[in-house]
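See structure below.
The values are calculated or read from the model by the stated rules, or taken from the named source; none is laboratory data. Since the structure is predicted, the reported quantities are computational estimates derived from the model, not experimental observations. Cβ sites come from the backbone with ideal geometry, for glycine too, and all protein chains shown count toward neighbours.
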Amino acid sequence: MSGLSAHIVVAREHFAVDIALDVAPGETVAVMGPSGAGKSTLLQALAGLEPLTAGEISVGDRVVDRVEAPRVRTEPKNRGIVLLGQDARLFPHLTVRENVAFGPRAGGADARAARDAADEWLIRVGLPGAGDRMPRELSGGEGQRVAVARALAASPRAVLLDEPLVALDPETAGEIRRMLRDQLAGTTTIAVTHDAADAVALAERLIVIESGRVTQSGPVREVLAEPASGFVASIAGVNRVVGVARGGGWSNGELHLTSTDAASRALAATDGAPLVAVFRPQDVRVVDAATNPDACRTRITRLESTLAGIRVHTPFCQVDVSLADAAGLAPGDPLQLQVDPAGVRFVAAR
Amino acid sequence: MSAGGAQGYAPRALAVPALIGLAFLILPLAALVGRVQWSTFIADVTSEAALSALALSLGTGLVATLLCIIVGVPLALYIARSGPRLAAVLRAAVTVPLVLPPMVGGVALLYLFGRAGWLGGLGLSFSTPAVVLAQTFVALPFLVLAVEGAVRTSGVDYERTAAALGAGRWTILRRITLPLAAPGIVAGVVLCFARAIGEFGATALFAGNRPGVTQTMPLAIYTAFNGAGVSQGAAVALALLLLATAIAVLLLVRGWRPGAAR
C-alpha cells in the first residue's frame, strides 16, 4: 500500500529534474531546496500540470502518470491530488460556502448536502459562519483557511502544499500552521517550504532537493542535525565545516575540534577519513589568544546584526556573540575561537 | 475606489479637448431631439410602417445576437486558449469584418449566398434570414473580441484549481470560465446587439429594402429621408426610437451587474 510514490523526470533545456519519492499513506513529507532546485516543477508534475519526460506517478496504488508503455496520462481532475499554493485562489465569483462545496458538487454530490458539509468544514478550519461571505472580504489568513477547507472537502488522495504560509504575517502563519497540522493529520501530504520551522511542525520526513536531485532525506530532525550540504546547514542554522579525522578529533589545516558525542568520536577514530563538523553559531566562543593557545585562529570577514545580537562571519564558520561582546569587533580583525566540545557533532562526509 | 481618490495625474489642460470630444458626441443627438415634431410623434412611431420596422429590427437583432453568442463565445474561448501566434492570426481574421465597410460585407455575402453564389441554392438573399445573416456578419467580431479579451484576462489558474478539485470540462466552463468572463460577455452582447440593430450597409445590399420583410429601422429611416414611404418627421421619430432603444439596452445591462446578485 502506498500513499503516493513517484519517479519524476522532467528535462528542459539547461535544466533537468530527476526525483524519486515515496510517501506513506497519511504521512506528511516536507520538501526543501534552494530557489530553482525543481520544487515547483515537482509539484506541477505531480498535479498533472507538467508532462513527464520519463518516470511514473502513482497515488494510492493507482498509476496516474507513466511515460513508458503502457502509457498512462490521467487528467488533473481524475488524480485526486489538490495543490494549495501561496495564493488561495478562491473562485472570486462564488461565496465561501460555494467555494468549499465546489469539489463535492463537481463530483456529483447533492448541492444541499455539499453546502451543509461545507459549513462543517468551515467550522473545522476555524471560520464558523463565514459561508455567506465573498472571497474578496477575507483576510489573507482567512483565505488560506477557506482554501484548506475547499481542498480537503474534495476528499483528495493527496495534498500538495506550495509554501502556503509565506504571504502571511508570522502570527497568522503560526495559526494556519497549527490548523494545517491538525487538519492534514491522516492525509498524504507533500509540503514544499522555505522554512525549517514548517518542516518540523508539519512533517515527519524531510527531502532536500538541490539542482533537480534529492541530496538528502530522512526524519526531519535527523536531516537538520546532519546537514549533508551547505544549503541544509543554512536552513538548520548551523555551521558545517569539512575537514578530516585526526587524533580522535576533527581537523582542517591548523583548526582542530573535539566532540564529547560518542557516535561522533567513533567516526573520528580513523585518522585521515573525511569528516564534517557540525555546530551551532551559539556554541562558538571568542577567546583570548594568550590564555588559549589551542584556539582556532581566524579573521572577521563580515558582521551582521541579528535578533539576539551580532553574527560574526569568518572564513571558518559563523559565530553568534552578544552586543556587549561585539563591541570593538570590526571586519578584518583577527579572532580566536573555541567551540564547546559538547556542542560539536561529527558527520561522515559524503 | 474612494470618491475623488483616483484622479491620477493627467494634465488639467487635457480637459479642453476632452470637453470638445464630449460635445461632438452629444450635440448631434441634441440636434436630432430638437428636430422631433412632438405633435405627430406618437402617430409617427405607431404607424404601421414604423412598428413593422421596429419589430423586424428587434426580432432580427435578437436572433442575430443569439447566433453570435452560440458561435461567438466558443470561438472566443478557442482564440483565448490558443498559442500566441495562432491567436494573433485568428484575431486578425475576426477583425476583418470589423474594419471592412459594411457595404463590402454585403457584396461579399451576396456572392456567397446570392442566387449565383456558392451557397445560392439556399435562396437566402433578399429575405428576412438574409437580414439576420448580414447583422450576424457585422456584429460577430464585437462579441468575439470582447469575450476573448475577458477570457484571456481571467487566465487558466482558476480553471486549473477547479480541475484539481475534480471538475470536468463542462463544469469548469459553466461554473468558472463563463462566470469569470461574465462582464466581458455582457459587454460583448450589448455591443453585438447595438451593432446588429444599427446595421445598414450589408443589409441594404444583401437583403434589400422590402417593407415588412427586410426593411429594418435604419433602412426605414434612410427610405424616409429619401421621401418615400414614411414622412421625414417619421424618419426623425424613428431615429429617436432607435436611439432610445440603444440607451434602454445600455441601462438594462448596467442594472444587471454580474456577480452582484449572487
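Residue by residue, here is whether (1) among the aliphatic types (A, V, I, L, M); (2) over 23 Å from B:Leu242 (Cα atoms); (3) surrounded by 13 or more Cβ atoms within 10 Å (Cβ to Cβ) holds:
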| residue | (1), (2), (3) |
| --- | --- |
| B:Gly59 | no, no, yes |
| B:Leu62 | yes, no, yes |
| B:Thr65 | no, no, yes |
| B:Ile70 | yes, yes, no |
| B:Tyr78 | no, yes, yes |
| B:Leu86 | yes, yes, no |
| B:Leu90 | yes, yes, yes |
| B:Gly120 | no, yes, yes |
| B:Val132 | yes, no, yes |
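Output the residues belonging to region A:86-107 that are modelled with pLDDT under 90 and more than 9 Å from every other protein chain (Cβ to nearest Cβ).
Once the filter is applied, which keeps residues that are modelled with pLDDT under 90 and more than 9 Å from every other protein chain (Cβ to nearest Cβ), region A:86-107 yields A:Gln86, A:Ala88.
Scan region A:251-271 and report the pairs whose first residue is assigned by TED's automatic domain parsing to the domain that holds A:Val339 and over 18 Å from A:Asp294 (Cβ atoms) and whose second residue is charged (D, E, K, R) and surrounded by fewer than 12 Cβ atoms within 10 Å (Cβ to Cβ), with Cβ atoms within less than 7 Å and a gap of 6+ or a chain change.
Note: no pairs meet the criteria.
Any residue that is surrounded by 13 or more Cβ atoms within 10 Å (Cβ to Cβ), within 25 Å of the chain's Cα centre (by Cα) and not basic (Lys, Arg) - is there at least one of those in region A:320-336?
yes
Any chance you could count how many residues in region A:123-139 are part of a helix (DSSP H, G or I), within 24 Å of A:Thr187 (Cα to Cα) and of a type outside the set (Lys, Arg)? Steps first, please.
Pass one, region A:123-139, residues part of a helix (DSSP H, G or I): A:123-124, A:135-137.
Now restrict to residues that are within 24 Å of A:Thr187 (Cα to Cα): A:123-124.
Adding the requirement that they be of a type outside the set (Lys, Arg) leaves A:123.
The number of residues fulfilling the criteria is 1.
What tally of residues in region A:245-267 results from selecting those that are touching a helix residue (DSSP H, G or I) at 6+ places or on another chain (Cβ under 9 Å) and not in a strand (DSSP E or B)? Step through it out loud before you land on a result.
Residues of region A:245-267 that are touching a helix residue (DSSP H, G or I) at 6+ places or on another chain (Cβ under 9 Å), as a first pass: A:245, A:248-250, A:257-261.
Next, only the ones that are not in a strand (DSSP E or B) stay: A:248, A:258-261.
Here the count works out to 5.
Looking at B:Ala167 and the list (1) at negative phi; (2) away from chain A (no Cβ under 14 Å), which single condition is not satisfied?
(2)
Exactly one condition in (1) within 12 Å of chain B (Cβ to nearest Cβ); (2) surrounded by fewer than 18 Cβ atoms within 10 Å (Cβ to Cβ); (3) under 22 Å from A:Val214 (Cα atoms); (4) not small (Gly, Ala, Ser) is not met by A:Leu43; state its number.
(2)
Which helices (runs of 4 or more DSSP H) does region A:140-244 wholly contain that include 2 or more residues that are more than 13 Å from the chain's Cα centre (by Cα), at pLDDT 90 or above and aliphatic (A, V, I, L, M)? Spell out the reasoning first.
On the way: elements: A:140-153, A:170-184, A:196-202, A:220-225, A:230-236.
Passing ranges, in order: A:140-153.
Right, B:Ile69: in contact with an Asp or Glu (Cβ under 6 Å, 6 or more places away or on another chain), in contact (Cβ under 8 Å) with a residue 60 or more places away in the chain and assigned to a helix (DSSP H, G or I) or not? Give the steps one after another, and end with the answer.
Details: in contact with an Asp or Glu (Cβ under 6 Å, 6 or more places away or on another chain): no; in contact (Cβ under 8 Å) with a residue 60 or more places away in the chain: yes; assigned to a helix (DSSP H, G or I): yes.
Considered against the rule, which asks whether it is in contact with an Asp or Glu (Cβ under 6 Å, 6 or more places away or on another chain), in contact (Cβ under 8 Å) with a residue 60 or more places away in the chain and assigned to a helix (DSSP H, G or I), B:Ile69 comes out as no.
Out of all the residues in region A:18-49, which are part of a strand (DSSP E or B) and without any contact (Cβ under 8 Å) to a residue 24 or more places away in the chain? Lay out the reasoning, then the answer.
Applying the first criterion (part of a strand (DSSP E or B)) to region A:18-49 yields A:18-23, A:28-32.
Passing the criteria: only A:Asp22.
Regarding A:Arg157, is this residue touching a helix residue (DSSP H, G or I) at 6+ places or on another chain (Cβ under 9 Å) and among the basic types (Lys, Arg)?
Numbers: touching a helix residue (DSSP H, G or I) at 6+ places or on another chain (Cβ under 9 Å): no; among the basic types (Lys, Arg): yes.
Judged against the criteria, A:Arg157 is not a match.
Would you mind telling me which numbered condition in (1) closer than 29 Å to A:Ala201 by Cα; (2) modelled with pLDDT under 90 A:Asp294 fails?
(1)
Which numbered condition trips up B:Met103, out of (1) under 20 Å from the mean Cα position of the chain (by Cα); (2) buried (at least 19 other Cβ atoms within 10 Å of the Cβ)?
For B:Met103, the failing item is (2).
Cβ-Cβ below 7 Å, separation at least six or inter-chain, first residue in region A:2-14 and under 11 Å from A:Thr41 (Cα atoms), second of a type outside the set (A, V, I, L, M): which pairs?
A:Ile8/A:Gly55; A:Val9/A:Asp18; A:Val9/A:Thr53; A:Val9/A:Gly55; A:Val10/A:Thr41; A:Val10/A:Glu50; A:Val10/A:Thr53; A:Ala11/A:Thr53
All but one of (1) in a helix (DSSP H, G or I); (2) surrounded by 20 or more Cβ atoms within 10 Å (Cβ to Cβ) hold for B:Leu124; state the number of the condition that does not hold.
With (1) in a helix (DSSP H, G or I); (2) surrounded by 20 or more Cβ atoms within 10 Å (Cβ to Cβ) applied to B:Leu124, the lone miss is (1).
Here's the yes/no breakdown for (1) within 14 Å of another protein chain (Cβ to nearest Cβ); (2) of a type in the set (Val, Ile, Thr); (3) under 21 Å from A:Leu180 (Cα atoms); (4) touching a helix residue (DSSP H, G or I) at 6+ places or on another chain (Cβ under 6 Å):
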site: A:Ser35; (1), (2), (3), (4): no, no, no, no
site: A:Gly38; (1), (2), (3), (4): no, no, no, no
site: A:Gly48; (1), (2), (3), (4): yes, no, no, yes
site: A:Ala54; (1), (2), (3), (4): no, no, no, no
site: A:Asn78; (1), (2), (3), (4): yes, no, no, no
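Within region A:69-85, is there a residue that is assigned by TED's automatic domain parsing to the domain that holds A:Ser139 and farther than 30 Å from B:Thr177 by Cβ?
Step one: filter region A:69-85 for residues assigned by TED's automatic domain parsing to the domain that holds A:Ser139, giving A:69-85.
Next, only the ones that are farther than 30 Å from B:Thr177 by Cβ stay: A:69-70.
So far as region A:69-85 goes, yes, one or more of its residues are assigned by TED's automatic domain parsing to the domain that holds A:Ser139 and farther than 30 Å from B:Thr177 by Cβ.
Quick one: how many residues across region B:143-158 are within 13 Å of chain A (Cβ to nearest Cβ) and either under 10 Å from B:Gly188 (Cα atoms) or not in a helix (DSSP H, G or I) (or both)?
Matching residues across region B:143-158 total 3.
When residues of region B:73-122 are filtered for being under 20 Å from B:Phe142 (Cβ atoms) and among the aromatic types (Phe, Trp, Tyr), how many remain?
1
Go through region B:150-181 and count every residue that is at pLDDT below 90, of a type in the set (A, V, I, L, M, F, W, C) and surrounded by fewer than 18 Cβ atoms within 10 Å (Cβ to Cβ).
1
Quick check, is A:Asp340 surrounded by 14 or more Cβ atoms within 10 Å (Cβ to Cβ), touching a residue at least 12 places away in the same chain (Cβ under 8 Å), of a type outside the set (S, T, N, Q) and under 16 Å from A:Asn239 (Cβ atoms)?
Values: surrounded by 14 or more Cβ atoms within 10 Å (Cβ to Cβ): yes; touching a residue at least 12 places away in the same chain (Cβ under 8 Å): yes; of a type outside the set (S, T, N, Q): yes; under 16 Å from A:Asn239 (Cβ atoms): yes.
Yes.
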